[in-house]
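In what follows, a structure is listed as structure tokens, so that the remarks can point back to it.
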Amino acid sequence: MKNLAVICVLLYSSILFANSAPEVTNVQANQRTDGSGIVEISYTLSDADGDACQISAAVSDDGGETYSITPTDLSGDTGGNITPGSRTIYWNSKADLPGEYGENYRVKITADDGQSPEGPAGMVWVYIDDPGVSGHEGFTGYMSKYETTNAQYCQYLNDALASGDIEMNNYNIYGSSGDYSGQIYYDMDDTHAQISYSDGSFYVKTRDGYDMSDHPVVEVSWYGAIGFCEYYGYRLPTEWEWQAAADYDGSYTYGCGTSIDHSKANYDDDNPLGLSGWPYTTPVGYYPAFGYGLCDMAGNAWEWTNSIYSDNYRVLRGGSWYYYDYNCSVSYRFSYVPYYASYGGIRAVRP
């Protein structure tokens, strides 16, 4: 087992893109002496706005030089919806690090209130530090917990229309500034589109009694995905960064674990909501989070990456509501031209 009898106190303050950044202080970690291997990690969470936060933990075995260990057997005040105050996390170190011991371990606690005045409402970020697939780059930074929703992309369209960064022509949305001026961003004229336009502004449709606001946006071209990300200071992941996050510790076959079925992901035309027509998407977070705490890394909407497949084709990852189970594997590479807006969805990352 890992003997964590000596764990130094670490103070860590999260400085994130937020209305008022949450702060974590008074971090103390002590292992119980009853042989259980349980480490009690106490901390104080503060947020000037009173926002509930996403709390995550990382462990270093080299005195704080790197935090390469992501504990998974956690309970207590960890995960989402943690309110400010004195809090405690319980970590079963025996389960995560069996047979190991030492005195050079450190614990880091981070908090994210998920609020970003620079970006659309409801963006929730998960911190990931993953070495990646052998021979390719890993990913260290923040990845959106959810696929970008219709509501978030609708907000972008309204913001970008007001700032003159997009224009509308025959119900197609085009870039009107920057490197991709004149390129199609969003195909609003397609029947799959869940965003429409009336009286000077964009809005999200309702169909079959469902408000589609929290469903993943589709009908976005690669240019439209880049436009969304750059407008708010985000970016698209490369396909290998995406796979580093999707395969978790390298053991995942799909973004939902070692196996896939309709209780874990939306794929193969399953239509769990009984919608009367395509797209048969589901709200983000409808299925459980897996791995690093990400939702819909398998199915629901294809996700554009910033990688080139060949010539002018760009890589999409993750599968969708329509495609088969094998298309949802963490290693499956789908490609399309960047100006085609039928398949694409978005999962943003930030430093």
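Any read-out appearing in this document is the output of simple, stated calculations on the displayed coordinates, not a laboratory observation. Remember, it's a predicted structure, so these values are computed and weren't measured experimentally. Cβ sites come from the backbone with ideal geometry, for glycine too, and all protein chains shown count toward neighbours.
Using only the C-alpha atoms of segment 54-167, find the volume of their convex hull and express it per residue in Å³.
Each residue corresponds to 166 Å³ of Cα convex hull volume.
Rounded, prolate or oblate: pick one for segment 150-350, where a ≥ b ≥ c are the square roots of the eigenvalues of its C-alpha gyration tensor, a/c under 1.5 means rounded, and failing that, prolate if a/b is larger than b/c, else oblate.
Cα axes put segment 150-350 in the oblate bin.
Using the number of other C-beta atoms within 10 angstrom as an exposure proxy, rank Trp240, Trp91 with the fewest first.
Trp240, Trp91
Simple spin-label model, 7 Å along Cα-to-Cβ: Ser310 to Tyr197 in nm?
Going by the 7 Å Cα→Cβ label model, 3.6 nm.
Counting only pairs 8 or more residues apart or on different chains, how many lysine pairs in the chain have their Cα atoms under 21 Å apart?
5
Hey, what D do you get for the chain in µm²/s if you plug the Kirkwood alpha-carbon radius into Stokes-Einstein at 20 °C and 1.002 mPa s?
101
Counting only helical runs of four or more DSSP H residues, what would the 222 nm mean residue ellipticity of the chain come to if each run contributes -39,500 (n - 2.57) and the total is spread over all its residues?
So the calculated ellipticity at 222 nm is -3000 deg cm²/dmol.
Among Asp199, Asp61, Asp77, rank each residue by its count of other Cβ atoms within 10 Å, from fewest to most, as a rough exposure measure.
Listed from fewest to most nearby Cβ atoms, that is Asp199, Asp61, Asp77.
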